[in-house]
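Encoded as structure tokens, the structure appears first; notes follow it.
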Amino acid sequence: MGYLEGFAITWRKFARGFVGDDIVTTEYSAGTRSGRHDEKRPKPERFHGRHVLNRYEDGMEKCIGCELCAGVCPARCIYVRGRDNDPADPTSPGERYGYVYEINYLRCIHCDLCVEACPTEAITESKLFEFSFTSREDAIYTKDELVVGDDGRPKRLPWEDWRVGDDEFTSGWVRATAPQGSAAYENRVAWSGELGYGVRAPEAGQASESATVVPGSHGHGHDHAHDGGHH
Amino acid sequence: MSDIETPVTVRITVDGQPVDARPGELVIDAAERAGVYIPRFCYHPRMKPVGMCRMCLVEIDAGRGAALQPSCMIPVSPDMTVVTDSERTRKAQEGVLEFLLINHPLDCPVCDKGGECPLQDQTVAYGPGESRFVEEKRHYEKPIPISGLVQLDRERCILCDRCTRFAKDVAGDPLIHFQGRGSSTEVNTFPDEPFSSYFSGNTVQICPVGALTASSYRFRARPWDLEETSSTCRTCSVGCSVTVQSSRNEVLRQNGVDNDAVNWGWLCDRGRFDMESGRSDVRLTDPLVGGTTARWSDALGAAVAAIRATIEAHGPSSVALLGGARLTNEAAYAWARLAKGVIGTDDVDCQLGDGLPADLVLGLPRATIADACTPKGTIVLVGPDVKEELPVLYLRLRHAVVEDGATLVELGHGRTGLSRYAARTSYAHPGGDLVERARLVAKDLDESGPITVVFGRTSLAEDPAVLAEVAAIFLAKGARFLPALRRGNVFGALDAGLAPGLLPGRRLLDDAGPATAVWGSTPAAIGRDATAILTAAAAGEVKVLLLVGADPVADGPDRALAETALERATVIAVDTFLTESGTRADVVLPAAGPSEVDGTVTNLEGRVQRVNRKVTPPGTARPDWMIAVELADRLGVEFPQDPDALLAELGAVADGYADVASALDRNPDGVLVTGACPLPATPTARRAPAPSGSTLRLVLTDSLYDAATQTAQSPSLAPLAPGTVARLNPADASALRVEAGTVVSLASARGAVDLPVVVDDGVPAGAVAVAANQPDCQVNRLLDATWPVTDVRLEVRR
């Protein structure tokens, strides 16, 4: 007899879906009932969408080709190879840059461990998840496709459905609340500046007195938390 | 290391458990054998301890109370108590690591060592977790190339003294050293003097941080990308144990593995870095027939048609095989059976006229490297410059002399890399009194200890029959011999029978043994050696020439002869690259390279070791054994179809190889194959004409970096070839009025080459020493392989 009691909840919820506003699932678009099928709902700030590779304010790439993202990736969908920077025309600060960077989106599970592992905030995730491909080649994003454009915004590929806001808050700023996990750093801004955005302001709860917030300055110069990554 | 096993042990206590240590053993070693790992940076089991890093501090009580002492500096003593996990030890380890990390940049994400770094690993395991250092770290220019192969990052260095100790104590090339004092101490080279040691790659391998990195591996992969397999280096005949590491089907790195019998963990730079050639863009990937790409079936068909037609028209001895010294034992055996058992020719030679007679090599009582390095023994060096040709053997012999009190006596035609360690050197004029000098040296030898003769060609421009006479002199003294032939698996090829008059298992043709039964037939008459084969081919007697990993044009002693021979004969070449000889071939078959095949190799001691496949060959290239098996199949004989089966068949026909496969499984360090063929009667060397006043006698030597295919195709190594120079004794230089740098022409009756002069008092008067097979100069144009010596006229180029 016991299991019928369980079904009672199912039936109650089902019935209330017709009469009340007690609907817990949300529709993908803004809603069929309102007729706004083509409008996307706003996504949470820390949503895990398609990756971007960020650049510093001076245009240098943040990726140093260290392969920590590839090493941590549980789906093994990232392939990175490093190479020596040309001292006369470096791609990234320091000795090494990411020469090959590929993410296979047929495998990626958007767990964000790559973002956690990245020592330079080079890889972060945008809000975009509406992208589909018709070939395996398109599914494997190359470095050219992942790295942000000269305005600091993600490149928009033909098969991606970018809307207003999808490319906001894509940077490391979003996640970097207190990377050291130490109370001593609680009020410090510990992220580097970015092409197109400068050094972002602290989040709610963080003190804004931090002297390191200088929009438009060379971001990596302030980056004490990541001394090793660039010099 | 000359640790002699003695039954006496010293009982000590490590972390409460009783441990039986060897007398004189260091606490750090005794603890490790008992399963207690004491962290360390500077200590290396193959080098003398210095106690630099202080990481191995543990509490040691030798009867006067427990105190923190460096366990790498303290030998065990009876009833010693060692505590490695106490609070005091822990505090000391944390303190040492915090100090070491003060100036360490922590750039692990860009550092090649990150992921396999002892500093990283031990910081996680023993470190404090927090640093109190908030000041600016020191900064240096980085990375600075201290040689063509090694880059130095001084910021990362923790001053453990491993690389500098290696350079000074192990390699004997003290070219890097500590400079400065206190916190500005750094490791560096001397001004304007690069770290141009042949062994520089070892410092990269033993560096406990990422201060020394290899140019060839720099940023190519991270340690977690790499897959590895154990194998054996095939660059020279020492047979160093290596681990081959690859990523994405590309060999990226080769590191030494400590094999107590052979290399002690060391490698030479040529052996370490010539794996670069495997990923070359110009590897042969498809067969060529008449210079154009062909399908395997067509190429094999063309080869077989040529062989079959020639045998039918002119008999089996119109087909000859040169090479095989670069193959695995299995492939060498397959080719030997193909030539001797299927085609029926005995005109087979794995050496190119630059080695020693095969029956002499296999007939002399063989020594092992350990025999040669016996403490207080005597080493007689009659042969090439071991440092140039067999570099890791040089390290072992040097250690025996410097550390273990062995006596080195050197006979030859001028100074070599080992001369400075020799108790006695005796340099003969080429073609002159080497035999007489050998007699004098032999008379004075200390016969209380073992005598080992390291034995090879003293000059490629001289008749090797002289060396047979020298060998006989030392044989009478009860000496054993370590033959110093250089090509990778030349000893495996000789054991497989790739030499005239020989069959597998060091048997002579007239004592065929089981080979007759397995093969069906063996050649009736003793065939020609390499020089005779090329001469016969030039004369039109040998119609088809099989070149198996051999390049007689560039790599042989007589270029003109090889060119004529290859011109006239139908040439079937099997190689990894299109060599100078390959471009003259009618059929070229692409072969798999060193890390692309499974099998075994045999080193100069007769030690069989495994080589393992790590990557797939490029294009359609096939393993050498498979090509021989395919050719045999088309000639109507079925061979065993894989390396294991070939090794089993080699074991069936060659006594020493009978149980090698199972013995190798039990003993990965290698299995010694013993036994010798009957020693040939000592031939009388053709007497060289007396030197005339107007000519100099040529001494042709080898240098480590030359135009050999793999070296020349390795981007890191190719620029290191020193180039050819004419080295002259100062007396001759002043008599001829030439100075260092003067470009002279050396002319023999055969040809002439232009070279700059280097004045060198290590060259005997009346001789001129020239390195063979350098990329910029075809010295082998000067030689005629039939001459007992080569005399050259020297003229100054204006």
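The values are calculated or read from the model by the stated rules, or taken from the named source; none is laboratory data. If you're wondering where the values come from, they're calculated on a predicted model, not measured in any experiment. Neighbour counts run over all protein chains shown; Cβ positions are idealised from the backbone, glycine included. Accessible surface areas use protein heavy atoms only, side chains included; no ligands, DNA or RNA. Shrake-Rupley method; radii C 1.70, N 1.55, O 1.52, S 1.80 Å.
Distances between placed amide hydrogens fall under 5 Å for B:D702 paired with B:D385, B:A772, all partners being 5 or more residues away or on another chain. With respect to the cross-link table entries B:K340/B:K543; B:K91/B:K137; A:K13/A:K40; B:K48/B:K168, which display a Cα-Cα separation exceeding 20 Å? Check vs 20 Å cut-off fails for B:K91/B:K137; A:K13/A:K40. The accessible surface of segment A:51-146, taken with every protein chain in place and a 1.4 Å probe, is 48 percent carbon and sulfur. The fraction of Cα-Cα pairs per 10 angstrom bin, counted from 0 for segment B:696-796, comes to 16, 47, 30, 7, 0 percent, rounded to whole percents. Across segment B:359-483, Cα-Cα pairs farther apart than 17 Å form 50% of the total. Using only Cα atoms and rounding to the nearest 10 degrees, what angle (0 to 90) does helix B:434-443 make with the longest principal axis of chain B? Tilt of helix B:434-443: around 50 degrees. Applying a DSSP loop filter and a limit of 12 other Cβ atoms within 10 Å to the trypsin sites (Lys or Arg not before Pro) in segment A:75-119 leaves A:R76. For segment B:10-85, the share of alpha carbon pairs falling in successive 10 Å distance bins from zero is 23, 59, 18, 0 percent. In loop segments of segment B:1-77 as defined by DSSP, the GluC sites (Glu not before Pro) with at most 14 further C-beta atoms inside 10 Å of their C-beta are B:E5. Only protein heavy atoms count here, probed at 1.4 Å, and on that basis chains B and A bury about 1500 Å² of accessible area in total. Counting only Cβ charges, +1 for Lys and Arg and -1 for Asp and Glu, the dipole size of the protein assembly as shown around its Cα centre is about 660 debye. Roughly how many Å is it from the Cα centre of segment B:346-401 to that of segment B:63-118, as a whole number? With segment B:346-401 and segment B:63-118 each reduced to a Cα centre, they are spaced 42 Å.
A probe of 1.4 angstrom, applied to the heavy atoms of all protein chains, finds B:S692 with accessible area near 60 square angstrom. Distance distribution P(r), the protein assembly as shown, all Cα-Cα pairs, bin width 20 angstrom from 0: 12, 35, 31, 17, 4, 1, 0 percent.
Rounded to the nearest 10 degrees, the inclination of helix B:296-314 to the longest alpha-carbon principal axis of chain B is 40 degrees. Straight-line cross-link reach from A:K43 at under 22 Å between alpha-carbon atoms covers these lysines, not counting any fewer than eight positions away in the same chain: A:K127, A:K155. Per-residue ellipticity at 222 nm computed for chain B from its helices equals -6500 deg cm²/dmol, with DSSP H segments shorter than 4 residues left out and the rest contributing -39,500 (n - 2.57). Per the Debye calculation on segment B:193-326 with a single equal scatterer at every Cα and no solvent contribution, log₁₀ I(q)/I(0) for q = 0.10 Å⁻¹ amounts to -0.53.
Between the helical axis of B:391-402 and the longest alpha-carbon principal axis of chain B there is an angle of about 60 degrees. Take the Kirkwood radius over Cα pairs of segment A:51-146, plug it into Stokes-Einstein at 10 °C and 1.306 mPa s, and you get 116 µm²/s for translational diffusion. Loop-located chymotrypsin sites (Phe, Trp or Tyr not before Pro) across segment A:7-96 with a Cβ neighbour count of 14 or fewer within 10 Å are A:Y28, with loop assigned by DSSP. Only Lys, Arg, Asp and Glu carry charge here, each on its Cβ (+1 for the first two, -1 for the last two); on that basis chain B has a dipole of about 1040 debye about its Cα centre. Computed on the Cα trace of chain B, the radius of gyration divided by the Kirkwood hydrodynamic radius gives Rg/Rh = 0.99.
Remark: segment B:214-229, residue by residue, has Karplus-estimated 3J(HN,Hα) of 8, 4, 6, 9, 3, 6, 7, 6, 9, x, 6, 7, 8, 10, 9, 9 Hz, where x stands for each Gly or Pro and the curve is 6.51 cos²θ - 1.76 cosθ + 1.60 at θ = phi - 60°.
Contact-buried residues of segment B:104-139, at a threshold of 50 Å² lost accessible area versus the chain by itself: B:P109, B:V110 (1.4 Å probe; DNA, RNA and ligands ignored).
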